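The values are calculated or read from the model by the stated rules, or taken from the named source; none is laboratory data. Please read all numbers here as calculations on a predicted model, not as lab measurements. For the accessible areas, the whole protein counts, side chains as well, though only heavy atoms, and no ligand, DNA or RNA atoms are used. Shrake-Rupley method; radii C 1.70, N 1.55, O 1.52, S 1.80 Å.
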Amino acid sequence: MRGKPQAQPDFLPVITLNACVPAAHPLRAIKRHLDAVLQQLSRLFDQLYEALGRPSIPPEQLLKARVLTALYTVRSERLFCEQRGYNLLWLWFLDREFREGRFNHSVFAKNYERVLSADVAKVFFAEVYDLSRQEGWTSDEHFTADGTLIESWASLKSFVRKDGADAAKVQSAKEEDPGNPSLNFRGEKRGNDTHQSTTDPESVRYRKANGKEARLCFGGHLLLENRNGLCADFTIHDPIAEPEPVVALQQVSAHQALHEGTQVKTLGADKGYPRKPFVAECREQGIAPHVACKEGIQVPGLDRRTTAQAGYRISQRIRKRVEEIFGWIKTVGGLRRSRYRGRERTQAWGYFVAGTYNLLRMARLELARAN
């Protein structure tokens, strides 16, 4: 007999959100770790909010929303607020009751500004990494460095002369087609010394290698710990003013200062790092530069006394894991292109995405250990 759908149920079921989530769901481990991190951030939240006034969206829910946005590749706050209204899994993760209703997207975005600061994001990332250290997932001695490019939220059409010589051309194009003005810079030489983006002035015009197209972007530099491939640091920088080898040494120094007991002994990297100043600084700090050698190029301090060691071969094999993190934060985390203008807000979002990757990585490591 064919069953008939009922538009109105015969009774109202009573269920708990916790019962809807499978016991083995990976979000359970992520939520447990995240709750421990948020407990450490409670004092910081007290400093960000006034003691009196109308209650805001809890900062714990705002930070958990950042994690969900990265995990599920949500492209905007408006879309997140829409899905949060009917996604029971997200309601459970946020510790929010179904009857409380969905967030208003404008109020939600306004509250976001408080926790999107670079300071809060950096503390969040550091607490997540400290938790991974406490559970024994990370190495305090062996690391890998590498960089990538993060596209800015700006078009090459906005890259015009700083002295205002292109203002008339831009205005004429906007009057002709306000939605998508046609600007022709063919034959003109445009460089960062004379030109600047009007949309995001902090971005730079840069290309990764010869033969590649130039884009308005930021540099993204990552420090990887070698034991289980967790992200130890993620820095947004100017790829022209601050080359990758310079940022790598800055990250190592900052990491050792921030995490007590860390003493970097080896630093793996690709063929963009075997430079005399970089190798010399590593030697001065007592770090073995496990960088890939360029054929026919000799760098003082980088010879067979280093490259013939078994540890060097291990570092060169493990350093490829950094590409796995770049792949995740760009595709799943949505950081292929910044969704914010400016270096500070892009850095804050980068910390949230990298911290979310570490939470996911720890959950997977726990599952592998249990099996």
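Data overview
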| read-out | value |
| --- | --- |
| Rg(Cα) / (2.2 N^0.38 Å) computed for the chain, rounded to two decimals | 1.16 |
| Per residue accessible area of the chain, 1.4 Å probe, in Å² | 55 Å² |
| Solvent-accessible area, 1.4 Å probe, carbon plus sulfur percent, for the chain | 49 percent |
| Most mobile of Glu344, Glu82, Glu225 in a GNM of the chain (Cα contacts under 10 Å) | Glu82 |
| Stokes-Einstein diffusion coefficient of segment 74-145, Kirkwood radius over Cα pairs, 10 °C, 1.306 mPa s, in µm²/s | 106 µm²/s |
| Cα-based reach from Lys189 at 18 Å (exclusive), listing aspartates and glutamates while leaving out same-chain residues under 8 positions away | Asp163, Asp166, Glu213 |
| Candidate residues Trp349, Trp328, Trp153: accessible-area rank, largest first, probe 1.4 Å | Trp153, Trp328, Trp349 |
| Taking all pairs of distinct alpha-carbon atoms in segment 282-328, Kirkwood radius in angstrom | 12.0 Å |
| Segment 27-140 shape via C-alpha gyration tensor axes, a/c threshold 1.5 | oblate |
| Cα coordinate range in segment 76-226, projected on the principal axes (Å, largest first) | 57, 49, 26 |
| Amide hydrogen neighbours beyond the local backbone of Arg96, cut-off 5 Å, H modeled | none |
| Viscosity 1.002 mPa s, 20 °C: Kirkwood-radius Stokes-Einstein D of segment 1-85 over Cα pairs, µm²/s | 129 µm²/s |
| Flagged links, alpha-carbon separation over 30 Å, of Lys122/Lys320; Lys157/Lys294; Lys110/Lys320; Lys31/Lys110; Lys162/Lys271 | Lys157/Lys294; Lys110/Lys320; Lys162/Lys271 |
| Aspartates and glutamates whose Cα lies under 18 Å from that of Lys276, excluding same-chain neighbours fewer than 8 positions away | Asp146, Glu242, Glu244, Glu284, Glu295, Asp303 |
| Under 5 Å, built H, 5+ apart or other chain: amide partners of Arg227 | Ser139 |
| Shape box of segment 231-313 [Cα atoms, principal axes, largest first, Å] | 35, 32, 22 |
| Residue of Thr235, Thr346, Thr73 that the Gaussian network model of the chain assigns the largest fluctuation, springs spanning Cα pairs under 10 Å | Thr73 |
